[in-house]
Amino acid sequence: KAAVEKAMQEAQNILANNDAVKDEQYQLVAVGGVMQNSQTRPIRLMKTHEVKGKFVTNPPKTIGGEAPGAFVHQGATSQGQLQVIVGSKCAIVYGTIDRAFPGLGYLLAWDKPDNSDEINKVYVEAGDLTSWRKWSGVKSNQN
């Protein structure tokens, strides 16, 4: 529980200290995330899948050692005359670099809708990297 609370506090600090989010936060949905790798071997960013929104602070290429990996993803607005917020929905996958565990991966996916009455969704899974090749499976697991 303490580790989750610490990560949530770090994510809130990232959002509060990110100039890109401060400038547009009143009209866009923002998600601040922190991933901690407690293993001795680093993990590497394998892929991202942005459904809605964009990274304003990219996830780090590797996470290892004492420093956590932090990122900020911001909801998109529609193109056109009216600014319409469409939320933040994305998934990131990290994998081991270690040849002893070549297929071990860590998935973090979220869906933060633009409507505050809707439920924010987060999905986390560790396992075989090949099982996340189809994003439709990740989407169904978020429900």
Exercise. In segment 111-128, how many residues are surrounded by 15 or more Cβ atoms within 10 Å (Cβ to Cβ) and either among the hydroxyl-bearing types (S, T, Y) or in a loop (DSSP other than H, G, I, E, B) (or both)?
Worked result: 3
Exercise. Is it true that some residue in segment 5-22 is modelled with pLDDT of 80 or more and either in contact with a helix residue (DSSP H, G or I) (Cβ under 6 Å, 6 or more places away or on another chain) or exposed (fewer than 15 other Cβ atoms within 10 Å of the Cβ) (or both)?
Worked result: no
Problem set entry | Single condition K139 does not satisfy, out of (1) modelled with pLDDT under 80; (2) among the charged types (D, E, K, R); (3) more than 24 Å from I43 (Cα to Cα) | (3)
Seminar exercise, completed: Given the conditions (1) more than 24 Å from K121 (Cα to Cα); (2) modelled with pLDDT of 90 or more, every one holds for G80 apart from (2)
For this session: Please go through segment 48-77 and pick out each residue that is among the charged types (D, E, K, R) and either more than 17 Å from N13 (Cβ to Cβ) or at pLDDT 90 or above (or both).
Result: E50, K52, K54, K61
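The values are calculated or read from the model by the stated rules, or taken from the named source; none is laboratory data. Bear in mind the structure is a predicted one, so any value in this text is a computation, not a measurement. Neighbour counts run over all protein chains shown; Cβ positions are idealised from the backbone, glycine included.
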